[in-house]
Amino acid sequence: MPNAAFTADRFVRRAPSRPVAAGCRLTDEDGAVRIDFDMAGGAVLLGHAHPRIEAAVAAGKATATDAAAALSSLLPRRPAVALCAEEGQALPAAVAAARKVTGCRRVAVWDPKGGVCNGETDLAAVLVDPLGMTPGQLRLARKAATAAGALLIFDEGSSGFRVHAQGVQGLSNVRPDFSVFGAGIANGRPIGAITGSDDLIAALDPEDLPAPRGDSLAAATATLETLGIAPVAPHLQVLGAEIQTEVESLIKRAGAARVFTLAGDPTLPTPLFAAPILEGLWMREMTARGLIVVGPHALSAAHGEVEVAALVDAYAAVLPAMMARNLAEIFARPRPVFDPLYSSPSHLAAPEGRA
């Protein structure tokens, strides 16, 4: 018998086709169409393969100056802008500049529940992820950073122009020293951006800022120009509020409040589970119903009432299943020897001789 490793393959192997993404739907290699509620981690704000973005990329005429001007025009006070190749390069570059300007080394991550910078002193920067924070909490962060002599840095990689047409600055009227943006400003293509005053942007080290790709610059320019004329943020707010209201009603109907909730900003509602096994069940059931969900429900301009209805219908089926699984897990546990849930108090025990 010949060795199988050297046996000729009698079958013609078909090269796998790449999934096709358009709007908020993905068609896989088998032709199955799924509604995408991940959207590249929320970075695809306008929808996959947006015609205006793809036309701009094909034309390839946009420059770094164009992209920077488009970003600056959307933000309050038209700040200066520096660009880099990746979102992950922008925040370290901003922190390095803060250390250079302040002469301090320490960096604190702002926690609205932890007091004023958790008591940190000698600070170069206070980092804030503003998604889901109230204007009041952001004002406290601004006050704390100023009192500590530190620079306030907003990481708007997630919030971006999702929460407001002018970003978190426009929503809260709180001005950070630096704001950092990522792939969301290029509809999912890799790019990083830092905004701030002229003197702070000048303090950035050019070696920390490798140039973005040409297609990313074109995509960023077109995306930001589109955000300037289309009511994307209000659209996301309305859809997200509808999802949260409908799912909250379903949670109450299923009695599932102890095992599941949908929290966070309406434009990026996040499922929270009482146990990992419930999350696994949730993901399997959502996938079986043609939905792509990984964690937060990343809404985009391409989502509408049809997609919201599909997600809500899936929850109507999934939540009772989650409750059934949770109860089954509870009753499958070994019975404790002494447990008031299983042992009747003596005064309620049946009299002798009676069933």
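The values are calculated or read from the model by the stated rules, or taken from the named source; none is laboratory data. Values in this document were obtained by computation on a predicted structure and should not be read as measured data. Ideal geometry is used to build each Cβ from the backbone, glycine not excepted, and the neighbour counts take in all protein chains shown. When the accessible area is computed, the model is the full protein with side chains, heavy atoms only, and any ligands, DNA or RNA have been set aside. Shrake-Rupley method; radii C 1.70, N 1.55, O 1.52, S 1.80 Å.
³J(HN,Hα) across the range 135-151 via Karplus (A = 6.51, B = -1.76, C = 1.60, θ = phi - 60°), whole Hz, x for Gly/Pro?
Working through the residues one at a time gives x, x, 5, 5, 5, 5, 5, 4, 5, 5, 5, 4, 5, 8, x, 9, 8 Hz.
Can you give the net charge of the other residues whose Cβ lies under 15 Å from the Cβ of D177, counting K and R as +1 and D and E as -1? Could you put the intermediate results ahead of the total?
On the way: positive: R77, R99, K100, R139, R142, K143, R175; negative: D155, E156, D198, D199.
With Lys, Arg at +1 and Asp, Glu at -1, the neighbours total +3.
How much of the accessible area of the range 31-71, in percent, comes from carbon and sulfur atoms when a 1.4 Å probe is used?
59
Per residue, how much accessible surface does the range 108-192 expose to a 1.4 Å probe? Answer in Å², no decimals.
37
Below 25 Å, Cα to Cα, which lysines can K113 reach? Residues fewer than 8 away in the same chain don't count.
Of all the lysines, those that pass the test against K113 - Cα under 25 Å, at least 8 places apart if same chain - are K143.
Just to check I understand the Karplus step: with θ = phi - 60° and J = 6.51 cos²θ - 1.76 cosθ + 1.60, what whole-Hz values come out for the range 235-241, glycine and proline as x?
4, 5, 4, 5, 5, x, 5
With a point put 7 Å past each Cα toward its Cβ, work out how far T245 is from D122 in nm, to one decimal.
Going by the 7 Å Cα→Cβ label model, 5.3 nm.
The range 154-284: D in µm²/s via Stokes-Einstein (Kirkwood Rh, Cα pairs, 20 °C, 1.002 mPa s)?
Using the Kirkwood radius from Cα pairs, D works out to 124 µm²/s.
Taking loop as defined by DSSP and a crowding limit of 16 other beta carbons within 10 Å, which trypsin sites (Lys or Arg not before Pro) in the range 17-124 fit?
Qualifying residues, ordered by number: K61, R77, R105, K113.
The range 219-259: which trypsin sites (Lys or Arg not before Pro) are DSSP loop and have at most 12 other beta-carbon atoms within 10 angstrom?
Within the range 219-259, the qualifying trypsin sites (Lys or Arg not before Pro) (loop, at most 12 other Cβ atoms within 10 Å) are R258.
What list of ³J(HN,Hα) couplings, whole Hz, do you get for the range 99-107 from phi and the Karplus terms 6.51, -1.76, 1.60, once you set θ to phi - 60° and write x for glycine and proline?
Computed from phi, the couplings for the range 99-107 are 5, 5, 6, 8, x, 9, 10, 6, 10 Hz.
How would you order 69-76, 297-304 from highest to lowest mean count of nearby Cβ atoms within 10 Å?
Answer by packing, highest mean first, reads 297-304, 69-76.
Compute the distance in nm between two label points, each set 7 Å from the Cα along the Cα-to-Cβ direction, one at V33 and one at D111.
The modelled label-to-label distance comes out at 4.7 nm.
Could you work out how far apart the two model spin labels at S72 and A59 are, taking each label as a point 7 Å from the Cα in the direction of the beta carbon, and quote it in nm?
Taking the simple label geometry, S72 and A59 are separated by 2.1 nm.
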